[in-house]
Ligand code: NAD
């Protein structure tokens, strides 16, 4: 029996088959879960095509996490496909190009990054909450890039990730009474569409080449996806507000 047997999961963030979320959806189906995907705007068509590469083709609902109407109607639109939800994957990140220059980034750039990449965790969890059973609860899992440090080039996206990590802790506080666990996976650099949009991303690749005691493959999203699947399962029943590092060990090294 798979670790996600009988679970129903909402998976955001499948864009290409390089997306971390694609591998979470694939593993989740292989481990027995029923999956619903979300996408938005012009990327809906791409997600629908990529979804056919999963073991079973899931429905794709429209959800721009910065759109109040999409969020308000999410629960009703989900009920057309599923009876309830056991877990939600937040695999969303966006910052305008200007946000990747710390001293030059404008408030408009920064506020867009914070809205789409940090506040969206609370917005998504709140929108999905009505589908989670009050007794059984559920699991909310998101993806961060370790926000303890000032990295090269990450700039206001790093600040947004710090806010995202804090949002996770407050969500854990407020949803604990509903038995909803909230956790993040801090992944090392992986060559996805979002990563390629960061100018100078190869600098992270060099840092991981030099510092990861376990080594690190920037083309392999599966280790991060496995940790997400585990956190969505019943195998972390007493863990919430946590950040699990899936980074080859870089976070623990002094140099
Ligand atoms: P990706 O480009 O495959 O996925 C990013 C997703 O965010 C896309 O599906 C995109 O459509 C979605 N998105 C952007 N704005 C949105 C909005 N307003 N509403 C709904 N969806 C929106 O890249 P990825 O690397 O798989 O990113 C997934 C998550 O992993 C992000 O939170 C990212 O910050 C995080 N992460 C990535 C890396 C890495 O190196 N790739 C490392 C650590 C953490």
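The values are calculated or read from the model by the stated rules, or taken from the named source; none is laboratory data. Computed from a predicted model, the values in this text were never measured in an experiment. Quick reminder, even Gly has a Cβ in these numbers, built from the backbone with ideal geometry, and neighbours come from all protein chains shown.
Observations on the structure shown:
- Checked against (1) more than 13 Å from the ligand (Cβ to nearest atom); (2) in a loop (DSSP other than H, G, I, E, B); (3) buried (at least 18 other Cβ atoms within 10 Å of the Cβ), residue 216 passes all but a single condition, namely (1).
- Taking segment 120-149 as the range and being within 13 Å of the ligand (Cβ to nearest atom) and either on the phi > 0 side of the Ramachandran plot or touching a helix residue (DSSP H, G or I) at 6+ places or on another chain (Cβ under 7 Å) (or both) as the test, the residues that pass are 121, 123, 127, 141, 142, 143, 144, 145, 146, 147.
- If only residues of segment 104-114 that are in contact (Cβ under 8 Å) with a residue 24 or more places away in the chain and away from the ligand (no atom under 13 Å from the Cβ) are counted, the one that is farthest from residue 234 (Cα to Cα) is 105.
- Residue 21 more than 7 Å from the ligand (Cβ to nearest atom) and touching a strand residue (DSSP E or B) at 6+ places or on another chain (Cβ under 6 Å): no
- Residue within segment 186-200 that is farther than 23 Å from residue 248 by Cβ, within 11 Å of the ligand (Cβ to nearest atom) and at pLDDT 95 or above present: no
- Residue that is farthest from the ligand (Cβ to nearest atom) [pool: residues in segment 51-83 that are touching a residue at least 60 places away in the same chain (Cβ under 8 Å) and more than 20 Å from the chain's Cα centre (by Cα)]: 83
- Residue check, residue 95 within 15 Å of the ligand (Cβ to nearest atom) and outside any loop (DSSP other than H, G, I, E, B): no
- Within segment 1-18, the set of residues being near the ligand (Cβ under 9 Å from one of its atoms), crowded, with 24+ Cβ neighbours inside 10 Å and over 14 Å from the mean Cα position of the chain (by Cα) is empty.
- Residue list for segment 27-48, restricted to those being part of a helix (DSSP H, G or I) and within 13 Å of the ligand (Cβ to nearest atom): 41, 42, 43, 44, 45, 46, 47, 48
- Single match in 82, 153, 88, 141 (criterion: surrounded by fewer than 20 Cβ atoms within 10 Å (Cβ to Cβ) and touching a strand residue (DSSP E or B) at 6+ places or on another chain (Cβ under 7 Å)): 82
- Selection within segment 219-239 - within 14 Å of the ligand (Cβ to nearest atom), in contact with a strand residue (DSSP E or B) (Cβ under 9 Å, 6 or more places away or on another chain) and without any contact (Cβ under 8 Å) to a residue 60 or more places away in the chain: 223, 227
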